[in-house]
1. Please indicate, with yes or no, whether at least one residue in the stretch 39-47 is charged (D, E, K, R), over 19 Å from residue 146 (Cα atoms) and surrounded by fewer than 17 Cβ atoms within 10 Å (Cβ to Cβ).
2. Here are some residues: 172, 248. Which one is in contact with a helix residue (DSSP H, G or I) (Cβ under 6 Å, 6 or more places away or on another chain), small (Gly, Ala, Ser), modelled with pLDDT under 95 and under 29 Å from residue 70 (Cβ atoms)?
3. Please state which of the following conditions residue 175 fails to meet, knowing it meets all the rest: (1) surrounded by 14 or more Cβ atoms within 10 Å (Cβ to Cβ); (2) farther than 30 Å from residue 133 by Cβ; (3) among the basic types (Lys, Arg).
4. Of the residues 103, 118, 111, which single one is hydrophobic (A, V, I, L, M, F, W, C), within 28 Å of residue 157 (Cβ to Cβ) and in a loop (DSSP other than H, G, I, E, B)?
5. Going through the stretch 171-188 one residue at a time, which ones are of a type outside the set (Asp, Glu) and over 18 Å from residue 32 (Cβ atoms)?
6. Scan the stretch 23-41 and tell me whether some residue there is assigned to a helix (DSSP H, G or I), touching a Leu at 6+ places or on another chain (Cβ under 8 Å) and modelled with pLDDT of 95 or more.
7. Is the stretch 128-151 home to any residue that is at pLDDT below 95 and under 27 Å from residue 66 (Cβ atoms)?
Amino acid sequence: MRMRLIITSLLCVLSGLLCHAVMAKSDIIIILDDLGYRPSDVAAFSLPKEVTFSILPQTPLSEDIAKRAEQEGRAVMLHMPMQSQKGLNMGPLGLSTDMYAGAITHTLRRAIKSVPNAVGVNNHMGSAFTGQEQAMEALMQEIKRQGLFFVDSRTTVQTKGEEVAERVGVPSVSRQVFLDHELSEAFLSRQFNRMKRIAKKRGQVVVIGHPHPETIAFLQKHLPTLEAEGFNLKSVADYFAPTEALASTSLPDMSSSAPNE
């Protein structure tokens, strides 16, 4: 009789674990970059609040978008301009590879002030800057002092983002999918499906898109279907919340570089 009870209990435990595995949902983290310049950027507020807004510093709408996002319970990040290998215009407060550590620190602090309530930082462009270990060291030291996390946009395969973040002790994660460097419905659908495949395989995926009207319309249509398909749309702030004590929570890169770099 006792053996039967033990076997029954074990079966119940195993059944519960199997049920949990079946019911567990993969996390999808979506970040919208480049907000702050265009009045049309406010259309992003039509998306679920789990979609994270990454705002360029000292842009016409940076403070307004950041404050409204906070009021709506949305996570906000600083989209920090950094030098690209092509020498593209960085806009205000860009970080260049010839800056001393003190200048990097000072510039980052000014940028943070222009995007109120930012909880993390990711790089805008940066294929040259993120590949420089000393420059990234100075950047990460200040990000750590500010109590923020870092998302590596991975605009180059030579990036030192993950490596330096781990060494300094900054919570970090890497982008795996760029959603919209082409704006056709077919391309958006391919990238969206790729996002889902990676999430199912690895349990989570980090995606970067932009507030293009085509992207907003696509996400409005397709994000509501994710839950029924077994996915959990998650804010990047919530992703880091239970693991902030860890030095790094990087995910493997699944795409080599940004199309505009």
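1. So in the stretch 39-47, the residues charged (D, E, K, R) come out as 41.
Remaining after also requiring over 19 Å from residue 146 (Cα atoms): 41.
Remaining after also requiring surrounded by fewer than 17 Cβ atoms within 10 Å (Cβ to Cβ): none.
There is no residue in the stretch 39-47 that is charged (D, E, K, R), over 19 Å from residue 146 (Cα atoms) and surrounded by fewer than 17 Cβ atoms within 10 Å (Cβ to Cβ).
2. Working: 172 fails: modelled with pLDDT under 95.
It is 248.
3. (2)
4. On the way: 103 fails: in a loop (DSSP other than H, G, I, E, B); 111 fails: in a loop (DSSP other than H, G, I, E, B).
Exactly one of 103, 118, 111 is hydrophobic (A, V, I, L, M, F, W, C), within 28 Å of residue 157 (Cβ to Cβ) and in a loop (DSSP other than H, G, I, E, B), namely 118.
5. First, the residues of the stretch 171-188 that are of a type outside the set (Asp, Glu): 171-179, 181, 183-184, 186-188.
171, 172, 184, 186 - these are the residues of the stretch 171-188 that are of a type outside the set (Asp, Glu) and over 18 Å from residue 32 (Cβ atoms).
6. Taking the stretch 23-41 first, the residues assigned to a helix (DSSP H, G or I) are 23, 39-41.
So of that shortlist, the ones also touching a Leu at 6+ places or on another chain (Cβ under 8 Å) come out as 39, 41.
From the residues that got through so far, the ones that are modelled with pLDDT of 95 or more too are 39, 41.
Yes - at least one qualifying residue is present in the stretch 23-41.
7. no
Condition check ((1) surrounded by fewer than 20 Cβ atoms within 10 Å (Cβ to Cβ); (2) closer than 17 Å to residue 42 by Cα) across all residues:
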| site | (1), (2) |
| --- | --- |
| 197 | yes, no |
| 207 | no, no |
| 213 | yes, yes |
| 216 | no, yes |
| 219 | no, yes |
| 230 | yes, no |
| 236 | no, no |
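The values are calculated or read from the model by the stated rules, or taken from the named source; none is laboratory data. Everything numeric in this text was worked out from a predicted model, so none of it was measured. Virtual Cβ from ideal backbone geometry, glycine too; neighbours counted across all protein chains shown.
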